[in-house]
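A.B. asks: Supplied in structure tokens, the structure appears directly below.
The values are calculated or read from the model by the stated rules, or taken from the named source; none is laboratory data. Quick caveat, the model's predicted, so the values are computed rather than measured. So basically every Cβ, Gly included, is an ideal-geometry build from the backbone, and we count neighbours across all protein chains shown.
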Amino acid sequence: MTLASMALTLPAYLMPEPERTAPTSTPQAAADGVEESSDQESVRLMLRVKEGDVKAFERLVELHQSAIIGTCARMLNNVDDAHDIAQQVFIRVWRSAPRYEVTAKFTTWLYTITRNLVFNETRRRSRRKEVSMEQENEDDAPRHFADHSVPGADENLAKAEFHDALDKAIEALPEKQRLAVILRGRKDLPYEEICTVLKMSLPAVKSLLFRARNELRKHLAIHLGDDVK
């Protein structure tokens, strides 16, 4: 698979951020208006949830569950765990409803809850992995590795291997880098929201993303070509 063809499938979050100029087009303003309207609807629903409105809560879940499950799945690389954590997120939303105040965008608040639960899970996994490795060292079982020496892999296989490598590279990132990459690249969250979710300054978030992109491209160099640094 050539570098040129692979570049066509390269996720945007592996590429440097383009220089942005002041928006002058009406479509962008319209998109911002849609986003603001969507957030206003979520806030309106959440204020009804605060009063104990179950129907409003169900609607809120419908609006955001796909994004939350997707974020958790990218962070944890496990669909079942992603569903479990997403369920915990919305349970936390329901339980927090009586204390809810409109101090930020609803999605910022929601992703902050998601961050806390996902980070707790990744740390729990890390502790469990350490125990597992100790047990494995005590009783090493024979391992079987796939034979990648067979030539003739087609284009689809190369792409599948690339995306599998990408998933593993993202999974290997430190948790803050991983979440920043997912929120920026997959969810297209503005920098300001990511700053709030990660409790970091704007320069720190940009530096975090820069390091994460470099690390991902380093891990994927074999798939992208020798000129990738």
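A.B. asks: Tell me which residues, restricted to the range 190-225, are under 12 Å from ARG115 (Cβ atoms) and part of a loop (DSSP other than H, G, I, E, B).
C.D. replies: LYS199, MET200
A.B. asks: How about the range 95-117: which of its residues are more than 18 Å from MET200 (Cα to Cα) and surrounded by fewer than 15 Cβ atoms within 10 Å (Cβ to Cβ)?
C.D. replies: ARG95, SER96, PRO98, ARG99, GLU101, VAL102
A.B. asks: In the range 46-60, what residues are assigned to a helix (DSSP H, G or I) and over 25 Å from the mean Cα position of the chain (by Cα)? Give the steps one after another, and end with the answer.
C.D. replies: Quick first cut of the range 46-60, residues assigned to a helix (DSSP H, G or I) only: 46-50, 54-60.
Result: LEU47, ARG48, VAL49, LYS50, VAL54, LYS55, ALA56.
A.B. asks: Residues being within 23 Å of ASN120 (Cα to Cα) and crowded, with 20+ Cβ neighbours inside 10 Å: count how many of those fall in the range 199-222.
C.D. replies: 4
A.B. asks: Going by the structure shown, is ALA31 in contact with a Leu (Cβ under 8 Å, 6 or more places away or on another chain), small (Gly, Ala, Ser) and modelled with pLDDT under 85? Steps first, please.
C.D. replies: Details: in contact with a Leu (Cβ under 8 Å, 6 or more places away or on another chain): no; small (Gly, Ala, Ser): yes; modelled with pLDDT under 85: yes.
Judged against the criteria, ALA31 is not a match.
A.B. asks: Applying the selection to the range 44-88, what residues are touching a residue at least 60 places away in the same chain (Cβ under 8 Å) and loosely packed, with under 15 Cβ neighbours inside 10 Å?
C.D. replies: Keep residues of the range 44-88 that are touching a residue at least 60 places away in the same chain (Cβ under 8 Å), which gives 46, 67, 70-71, 74-75, 77.
The answer is ASN77, and nothing else.
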